[in-house]
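Please treat every number below as a calculation from the coordinates, not as lab data. Note that the structure is predicted; figures quoted are calculated from it, not measured. A quick note on method: Cβ atoms are made from the backbone with ideal geometry, for glycine too, and the neighbour counts reach across all protein chains shown.
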Amino acid sequence: MVFGCPVANDRAAEALLSAHDSSCGAHGAILSRSVSGLADRLVAKGASIPNHLSASPTEANRHRVRVHRVTVAGGADITFLKSTRLGQTLTASAVRRISSYCLPRNLRKKSQAEINELAAAGLALVYVGAESGDDEVLRKVNKGETFETTRDALDKLGAAGITRSVMLLNGLGGPTLSRAHAENSARLANATQPEFLATLVVSFPQGEERFRAGFPEWEPLDLPALFREMETFLQALELRRTVFRSDHASNWLVLKGTLGAEKDRLLAQVVRAFCVPVALPSRAIGTDTPPTWPSRC
């Protein structure tokens, strides 16, 4: 999917760019001129192209939509491509800012010089789903990463001047690994100082069976436990200038601020949530099982 526009697979996604343009709401999708030949081949093979788009790159070129900010293969990771191919794709596109998702392991074999070249070609922002900084949690969820591999990738991106937006999953360690998950995730953030940091609450829209295969003892955290984990995480953070967001639809408590300047305010907001549950977003009210609140207020 490219911001809700269907594509056949990752190769089809590579042929589409989601852009800030009025042609598809806030995030318009247009055919990239830089990969128009690939788009032609995909159309010939039956790739799904949104109805409001021309199936012909020639038609797309005729309209000459001006694009300034682009997310390449939105939701997919393009950094697995060979550096030469990726660099050619980026430099062929006349855009000013290109962003992509990134698995840390896809940068292991890329040298610092190669990543610097991608930055020079226009790769400006990378979304990294670190999920956790705790090796045991990462092993149990079969992430395929460790603290060190994630830190190495983030350091390479940072050294190249590429903005890093790191995502962590609140509750991923369950009750048994909650503290280790919070503390080591904070340690990862402290070691890499990402420009953006976000937390989401772990959820399983397609079911928990696959997840529990490697982590059978996992249980979801109730709301107070989620807040305790967030409190532990925030307390351990030592960030200099990171924009922090915990405002995804999965989050029960919305937190926004710049760390570390607003660390105390955010911690106070978490503590207040223990004491005043009615201050939570409306989705927390009227649940089947009301949460049990600790007597700490």
What is the calculated FRET efficiency for Thr176 to Asp247, with r their C-beta to C-beta distance and R₀ = 30 Å, to the nearest 0.05? 0.60
Protection-proxy order for peptides 97-105, 109-117, each taking the mean of Cβ atoms within 10 Å per residue, highest first: 97-105, 109-117
Name the residue from Asn251, Leu197, Leu237 whose Cα lies farthest towards the positive end of the charge dipole of segment 77-284, charges +1 on Cβ of Lys and Arg and -1 on Cβ of Asp and Glu. Leu197
Packing-wise, with mean Cβ within 10 Å as the measure, how do 228-240, 122-134 rank, highest first? 122-134, 228-240
Suppose R0 equals 25 Å; then what is the FRET efficiency for Ala236 and Gln112 from their Cβ-Cβ distance, rounded to the nearest 0.05? 0.30
Please report the base-10 log of the normalised intensity I(q)/I(0) for segment 77-284, using a Debye sum with one equal scatterer per alpha carbon and no solvent, at each q in 0.09 (1/Å). -0.37
State the extension gain, in nm to one decimal, for the chain segment bounded by Asn142 and Phe196, taking 0.36 nm per residue of separation less the distance between their alpha-carbons. 17.0 nm
